[in-house]
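One structure is given here, and the rest of the page talks about it.
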Amino acid sequence: MSVPIIECIDLCKSYNKYNYVLKDLNVNLPAGKIIGLLGPNGCGKSTLMKLICGILVPNSGTIKICGEERSEKSNALISYLPERTYFNSGMKVEQLIAYFSDFFSDFDANAARAMLADLGIATDVKLKTLSKGTKEKVQLVMVMSRRAKLYLLDEPIAGVDPAAREYILRTIITNYNPEASILITTHLLHDIEPIIDEFAFMGFGGKILMSGVADEVRETTGKTLDELFKEVFRC
């Protein structure tokens, strides 16, 4: 049996002593898959991603990456796309490419330039001159140009126009190592459903309410994941 790319054991995270965003979360996520982490706002999806990549520290519990407990060493395996852009707006795109090349040994600058060219984004312009959606495209290109073991993509298509979503989703599935894994959150389940292999519906407190192989669940229920999501989280 293959080692899970992510294993969470009794994971807890609170921002104060009364409010646990994640409470006793136990989940295994398989390697070599595109996995949709899906749930309502405030259920802990972004918090879980930040814990996995080390931005946040859990109150208790264990996170394992590729079978080993999360550590500074794990950071080299992970390429993280936060839900908000964080780049210095005064930098040019080409400077950003140089920055990533210096900082990440697995960054492929040629792949980044090729994707930017496909999107019609010039590399000699400053980020502050770009629209919000274009900045998000640049950030996704930077993240997907690494040769990581695990990609954490938090709302990668939320801020872009519908015409660009197909290209971005195609970029996601064609520009990562097939042995790697992608964990992706989004509110646009209908758009990403065709590319995800497995899914997990997360409720409040970080409880996994339903999970499985996307094709198997669609076959057994006769419903799309989008339809199941609406049933599980019906108000």
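The values are calculated or read from the model by the stated rules, or taken from the named source; none is laboratory data. Here the structure is a predicted model, which is why all the values come from computation and not from measurement. Heads up, the Cβs are rebuilt from the backbone with ideal geometry, glycines too, and the neighbour counts pull from every protein chain shown. With ligands, DNA and RNA removed, areas are computed over all heavy atoms of the protein, side chains included. Shrake-Rupley method; radii C 1.70, N 1.55, O 1.52, S 1.80 Å.
Observations on the structure shown:
- Table column - 3J(HN,Hα) (Hz), the stretch 154-159, Karplus curve with 6.51, -1.76, 1.60, x for Gly and Pro: 9, 6, x, 10, 5, x
- If R0 is taken as 25 Å, the Cβ-Cβ distance between Glu227 and Asp118 corresponds to a FRET efficiency of 0.15.
- The chain: most fluctuating residue of Lys207, Lys23, Lys223 per GNM, C-alpha cutoff 10 Å: Lys223
- The packing ranking, built from the mean of other Cβ atoms within 10 Å per residue, places the peptides 31-44, 66-79 in the order 31-44, 66-79, highest first.
- The modelled label-to-label distance for the pair Ser14/Thr220, using points 7 Å beyond Cα in the direction of Cβ, is 3.5 nm.
- Residues whose placed amide H lies under 5 Å from that of Ile6, excluding near-sequence neighbours: Leu29, Cys66
- Percent carbon-and-sulfur accessible area, the chain, ignoring ligands, DNA and RNA, probe 1.4 Å: 51 percent
- Rounded FRET efficiency, nearest 0.05, which uses the C-beta distance separating Ala31 from Lys126 and R0 of 41 Å: 0.60
- Prolate/oblate/rounded call for the stretch 1-138, Cα gyration tensor, a/c under 1.5 rounded: prolate
- HN-Hα J in Hz across the stretch 13-23 - Karplus 6.51, -1.76, 1.60, θ = phi - 60°, x for Gly and Pro: 8, 10, 9, 7, 6, 9, 10, 8, 6, 10, 9
- Residues with amide H under 5 Å from that of Met210, placed H, sequence gap 5 or more: Phe201
- Around the amide H of Tyr80, modelled in the peptide plane, lie the amide H atoms of Leu152, all under 5 Å away and 5 or more residues distant in sequence or on another chain.
- Separation of alpha-carbon centers, the stretch 183-221 and the stretch 38-54, rounded to whole Å: 14 Å
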